[in-house]
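Peer 1: Got a structure for you, questions after.
The values are calculated or read from the model by the stated rules, or taken from the named source; none is laboratory data. Since the structure is predicted, the reported quantities are computational estimates derived from the model, not experimental observations. With ideal geometry, Cβ positions are generated from the backbone for all residues, glycine too; neighbour counts draw on all protein chains shown. Ligands, DNA and RNA are stripped out before the accessible areas are found, and what is left, the full protein with its side chains, is counted by its heavy atoms. Shrake-Rupley method; radii C 1.70, N 1.55, O 1.52, S 1.80 Å.
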Amino acid sequence: MNVMLLAAGEGTRLRPYTNILPKPAMPFLTIPLAAHSLGFLQEVGISKLVVNTYHLPEKIHSLFNRINHGAQKLVFCDEVGEILGSGGGLSNAREHLKGGGDFIMMNADEVILPKDSEVLKKAIAHHKSSGALSTLMVMDHHEVGTKFGGVWTDSAGNIKGFGKTKIENCEKAWHFIGVQILSERIFDYLPGSGVSNILYDGVMAGVAKGEKAQVFPFECTWFETGNPADLLEASKHCLQVMMAADSPEKQALEKTFSQFAKARIVTQKFDQATLQFSAEALIDNNSKFSGFISVGSRTTIGKDCVLENVIIGDDVTVADGTRVSNTILL
């Protein structure tokens, strides 16, 4: 199946870190965020992987050229001058997707841990049997309607609109986790060029002309990673999962590590912290850790450091005596 990953965003809420790395390349549990999106797709063979870019495009190219994406063909669609949005980015890539049948579109920076390892296959089967223009993968979330806008549906799961305000005759609002399955008919509704939104300018344009768009609810743990505090909190939660008894979430993480990690990843208690590190990292035993520490490949932590709740990327040298907390080192 063909896949489009949206990787053009500027990651403004993660600045200044995203001045150095685009968000899909940001480290999460020692591997790039994009690896976690691709990990969610592992059960589906990827024929063509289309990746759009805008911010730091050469680093997006480098990331996907070296990562074990498993696609038969990799294509980049570089956006120049302005970010085209989810709809405009897809429209700009139509020549690479049209004629290939249904395809998946997903954000390139999602961390989703499903309870059912075959849920994506089931969502695809549902999409094909329903004949829908779009099938959005969604979950229950208590902050829908407050922090997040919702996907409002009727009792049959048909999408009636989006936003924080309840839509008349809708039974429920769901949280969209950034993954959808699309019929190539979507190109009949998207504007041919310029900035547009896939949900409002594509999906709802089709619904207005009689198309069906549906949700596919499923159980998962989903993480907000758009700002440093949320990225740190998501890391803490996932490391707790890794240290706990076996679970579907732990299995999902381990499977992603096995495909995308450059070297063996170790997760263990060390000093007063949960420490996760690449086997290629060098860590001085005289340093002190608390909370959690995530250490990337070929990174060195010098002696007498004091670190608390720190994410460290690849190829970083943490100088002797460094004292930091609740931060990211790139």
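Peer 1: Just to be sure before I move on: is Gly202 assigned to a helix (DSSP H, G or I) and more than 21 Å from Ser37 (Cα to Cα) in the structure I sent?
Peer 2: So Gly202 passes the test.
Peer 1: So, one more: Select from the range 308-320 the residues that are farther than 15 Å from Leu282 by Cα and free of Cβ contacts under 8 Å to residues at least 60 places away in the same chain and list them in ascending order.
Peer 2: Matches in the range 308-320: Glu308, Val310.
Peer 1: Would you pick out the residues in the range 94-114 that are within 21 Å of Ser235 (Cβ to Cβ), part of a loop (DSSP other than H, G, I, E, B) and not aliphatic (A, V, I, L, M)?
Peer 2: Passing the criteria: Asp109, Glu110.
Peer 1: Can you list residue pairs whose Cβ atoms sit under 7 Å apart, with the first residue in the range 146-171 being closer than 15 Å to Ala208 by Cα and of a type in the set (Gly, Ala, Ser) and the second being in a strand (DSSP E or B) and open to solvent by less than 100 Å² (accessible area, probe 1.4 Å)? Count only pairs 6 or more apart in sequence or on different chains.
Peer 2: Short answer, once both residue conditions are applied: Gly161/Trp152.
Peer 1: Name every residue in the range 301-330 that is of a type in the set (S, T, N, Q) and over 25 Å from Pro24 (Cβ atoms), in order of residue number.
Peer 2: Once the filter is applied, which keeps residues that are of a type in the set (S, T, N, Q) and over 25 Å from Pro24 (Cβ atoms), the range 301-330 yields Thr322, Ser325.
Peer 1: Quick one: how many residues across the range 260-300 are closer than 28 Å to Phe64 by Cα, without any contact (Cβ under 8 Å) to a residue 40 or more places away in the chain and in contact with a Leu (Cβ under 7 Å, 6 or more places away or on another chain)?
Peer 2: Here the count works out to 3.
Peer 1: If you don't mind, another one. Does Phe223 meet the test of being within 22 Å of Val119 (Cα to Cα) and at pLDDT below 95? Steps first, answer last, please.
Peer 2: Details: within 22 Å of Val119 (Cα to Cα): yes; at pLDDT below 95: yes.
For Phe223, the condition - within 22 Å of Val119 (Cα to Cα) and at pLDDT below 95 - is met.
Peer 1: Follow-up question, since we're still on this one. Scan the range 1-16 for residues that are surrounded by fewer than 22 Cβ atoms within 10 Å (Cβ to Cβ) and of a type outside the set (A, V, I, L, M) and jot them down.
Peer 2: Glu10, Thr12, Arg13, Arg15, Pro16
Peer 1: Here's another thing I want to ask about it. Out of everything in the range 70-89 that is in a helix (DSSP H, G or I) and out of contact with any Cys (no Cβ under 9 Å at 6 or more places or on another chain), what residue ends up being surrounded by the fewest Cβ atoms within 10 Å (Cβ to Cβ)?
Peer 2: Gly85
Peer 1: Can I ask one more? At pLDDT 95 or above, open to solvent by 20 Å² or more (accessible area, probe 1.4 Å) and farther than 14 Å from Glu43 by Cβ: which single residue out of Ser129, Ser134 fits that description?
Peer 2: Details: Ser134 fails: open to solvent by 20 Å² or more (accessible area, probe 1.4 Å).
Being at pLDDT 95 or above, open to solvent by 20 Å² or more (accessible area, probe 1.4 Å) and farther than 14 Å from Glu43 by Cβ holds for just one of Ser129, Ser134, which is Ser129.
Peer 1: Of all residues in the range 42-61 being at pLDDT 95 or above and assigned to a loop (DSSP other than H, G, I, E, B), which is surrounded by the fewest Cβ atoms within 10 Å (Cβ to Cβ)?
Peer 2: Top of the filtered list is Ser47.
Peer 1: If we scan the range 247-266, do we find a residue that is open to solvent by 20 Å² or more (accessible area, probe 1.4 Å), more than 30 Å from Asn286 (Cα to Cα) and not in a helix (DSSP H, G or I)?
Peer 2: Among the residues of the range 247-266, at least one is open to solvent by 20 Å² or more (accessible area, probe 1.4 Å), more than 30 Å from Asn286 (Cα to Cα) and not in a helix (DSSP H, G or I), which makes the answer yes.
Peer 1: Something else now. Residue by residue through the range 279-306, note down the ones that are open to solvent by less than 10 Å² (accessible area, probe 1.4 Å), assigned to a strand (DSSP E or B) and farther than 18 Å from Gln240 by Cα.
Peer 2: Residue satisfying the conditions is Ile301 alone.
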